[in-house]
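Here the structure comes first, spelled out in structure tokens, and everything after it is commentary.
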Amino acid sequence: MPSRHTILHYVEAKEAADLAQLRLKEVSEQLIKEMEAEQVKTVTDNDFGKFTYVRRSVPVIDEKGLRRALTARVYDKFTVKKLDRKALEDAMGMGKIDPKVVVQYVQMKDGDPYIKYTETKDA
């Protein structure tokens, strides 16, 4: 079992990181407001470096509306079939599909380890 000392250091570091993240967010928002107001995309400071205002645009498609506009037959030419895992699991559960067949095509991949920290209510 990890020592209480190590756990204490973890909690202290987590609190410091959370505060730093909040402060960074606040200062970033202020810098963005100032750069927008002055309509400046890049600021270069000899002591601190270069700061560039970036606003990413991501296309969002109204798939339902586009399908109506193109007609379903045309729209469906540009879609792909995807395995419905829930339906597959249900079919295995009902005995319609043999799980021994499916398990041959499934592999488990381990994720990276991490620590999940949850503050207690009375702390």
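Each reported figure results from applying straightforward, stated rules to the coordinates on display, with no laboratory input. Given the structure is predicted, the values throughout are model-derived calculations rather than measurements. Backbone-built Cβ (ideal geometry, glycine too); neighbour counts: all protein chains shown.
Within the range 3-13, not a single residue is assigned to a loop (DSSP other than H, G, I, E, B) and touching a strand residue (DSSP E or B) at 6+ places or on another chain (Cβ under 9 Å).
Being within 30 Å of residue 8 (Cβ to Cβ) and not hydroxyl-bearing (Ser, Thr, Tyr) narrows it down to one residue among 121, 100, 96, 81; which is it? Break it down into steps so the answer makes sense when it comes.
Numbers: 100 fails: within 30 Å of residue 8 (Cβ to Cβ); 96 fails: within 30 Å of residue 8 (Cβ to Cβ); 81 fails: within 30 Å of residue 8 (Cβ to Cβ).
It is 121.
Scanning the range 80-114 for residues that are surrounded by 10 or more Cβ atoms within 10 Å (Cβ to Cβ), in a loop (DSSP other than H, G, I, E, B) and within 27 Å of the chain's Cα centre (by Cα) returns a single hit, 84. The residues of the range 59-79 that are of a type in the set (Ser, Thr, Tyr) and outside any helix (DSSP H, G or I), listed by number, are 71, 79.
Screening residue 117 against (1) within 24 Å of the chain's Cα centre (by Cα); (2) assigned to a loop (DSSP other than H, G, I, E, B); (3) exposed (fewer than 10 other Cβ atoms within 10 Å of the Cβ) leaves a single unmet condition, (3). Contact annotation: residue pairs with Cβ atoms under 6 Å, 6 or more positions apart or on different chains, pairing a residue in the range 12-40 that is touching a residue at least 12 places away in the same chain (Cβ under 8 Å) with a partner that is surrounded by 10 or more Cβ atoms within 10 Å (Cβ to Cβ), are 14/117; 35/53.
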